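The values are calculated or read from the model by the stated rules, or taken from the named source; none is laboratory data. Quick caveat, the model's predicted, so the values are computed rather than measured. Every residue, glycine as well, gets a Cβ built from its backbone with ideal geometry; the counts of neighbours run over all protein chains shown. Note: accessible area is taken over every heavy atom of the protein model, side chains too, but ligands, DNA and RNA are not part of it. Shrake-Rupley method; radii C 1.70, N 1.55, O 1.52, S 1.80 Å.
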Amino acid sequence: MKVVLFNGSRREKGCTYTALNLVAGELEAAGIETEIFFVGGRVLKGETDAVVHEAKEILKTADAVVYGSPVYYASPSGEMLMFLDRLYGIAEAELLFKPAATVASARRAGTTATLDALNKYPTFAQQPLVTSRYWNMVHGSSPEDVLKDEEGVQIMKELGRNMAWILKSIEAGKKAGVVQPVAEKKIFTNFIR
């Protein structure tokens, strides 16, 4: 099993990476392969199409995803939003029914608004949302500060363990003959006629 964790920060190894790394550590401890895929800085440099197409290829071998973003002006980074807008536009088939989680990293506030925005994306591809014991957020101005956020660290670790449990439950269900739903063709209704 494999989980891809997407880092929407402009800083490759900053606070968001630190939070995602905590999640990844618990997944790896449960025997699940992880990959942290840097999105933010690359999108900022104008590499959006390349990043999205690389992600689409990686998703073919992934069983679940985690999206992490810093809070910029009480919302996810513009880079992460641009990436997700494009990703869900071209890679829905690669995301369909795969469990997803979202993570927000902030110095102080804006985390719940960020999570609200990020959580909407997986619903387009019928992805079960994985949670922790509280909202999936960490606080700090530096990676070292994030690691001092004891509650945030616990939340990230529990998120990793919960994701591992969900993935193993899905695998057990498949072995027991539980069949995954089939996505129906979408019906689009226009309300202005």
Would you confirm whether any residue within the stretch 93-101 is buried (at least 21 other Cβ atoms within 10 Å of the Cβ) and in contact with a Ser or Thr (Cβ under 6 Å, 6 or more places away or on another chain)?
-> no
So which of VAL182, VAL138, VAL178 is outside any helix (DSSP H, G or I), touching a helix residue (DSSP H, G or I) at 6+ places or on another chain (Cβ under 7 Å) and not charged (D, E, K, R)?
-> VAL138
Could you tell me which numbered condition ASP116 fails, if it satisfies all but one of (1) under 15 Å from the mean Cα position of the chain (by Cα); (2) within 23 Å of GLU171 (Cβ to Cβ); (3) in a helix (DSSP H, G or I)?
-> (2)
Taking only pairs six or more apart or across chains, which ones have beta-carbon atoms under 7 Å, a first residue in the stretch 106-135 that is more than 30 Å from GLU184 (Cβ to Cβ), and a second residue that is part of a loop (DSSP other than H, G, I, E, B) and open to solvent by 80 Å² or more (accessible area, probe 1.4 Å)?
-> ARG107/SER141; THR111/TRP135; THR112/TRP135
Is one or more of the residues making up the stretch 97-110 among the hydroxyl-bearing types (Ser, Thr, Tyr) and touching a Gly at 6+ places or on another chain (Cβ under 6 Å)?
-> no
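Please verify whether the stretch 47-58 includes one or more residues that are at pLDDT 95 or above, in contact with a strand residue (DSSP E or B) (Cβ under 7 Å, 6 or more places away or on another chain) and not β-branched (Val, Ile, Thr). First the steps, then the outcome.
Initial filter on the stretch 47-58 (at pLDDT 95 or above): 47-58.
Cutting the leftovers down to in contact with a strand residue (DSSP E or B) (Cβ under 7 Å, 6 or more places away or on another chain) gives us 55, 58.
Filter once more, keeping what is not β-branched (Val, Ile, Thr): 55.
Yes: the stretch 47-58 contains one or more residues that are at pLDDT 95 or above, in contact with a strand residue (DSSP E or B) (Cβ under 7 Å, 6 or more places away or on another chain) and not β-branched (Val, Ile, Thr).
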Within the stretch 143-161, the count of residues that are under 17 Å from ARG11 (Cβ atoms) and touching a helix residue (DSSP H, G or I) at 6+ places or on another chain (Cβ under 7 Å) comes to 3
The stretch 119-135, subset assigned to a helix (DSSP H, G or I) and aromatic (Phe, Trp, Tyr), residue least open to solvent (accessible area, probe 1.4 Å) | TYR121
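How many residues are open to solvent by less than 70 Å² (accessible area, probe 1.4 Å) and either in contact (Cβ under 8 Å) with a residue 40 or more places away in the chain or of a type in the set (Ser, Thr, Tyr) (or both) if we restrict to the stretch 138-157?
Filtering the stretch 138-157 down to residues open to solvent by less than 70 Å² (accessible area, probe 1.4 Å) leaves 138-140, 142-143, 145-146, 149, 152-153, 155-156.
Now drop any that are not either in contact (Cβ under 8 Å) with a residue 40 or more places away in the chain or of a type in the set (Ser, Thr, Tyr) (or both), which leaves 138, 140, 142-143, 145-146, 152-153, 156.
Looking only at that region, the number is 9.
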List every residue pair whose Cβ atoms sit under 9 Å apart, with the two residues 6 or more apart in sequence or on different chains, where the first one lies in the stretch 89-102 and is over 17 Å from THR48 (Cα atoms) and among the small types (Gly, Ala, Ser) and the second, anywhere, is open to solvent by 10 Å² or more (accessible area, probe 1.4 Å) and assigned to a strand (DSSP E or B).
-> ALA100/LEU129; ALA101/LEU129
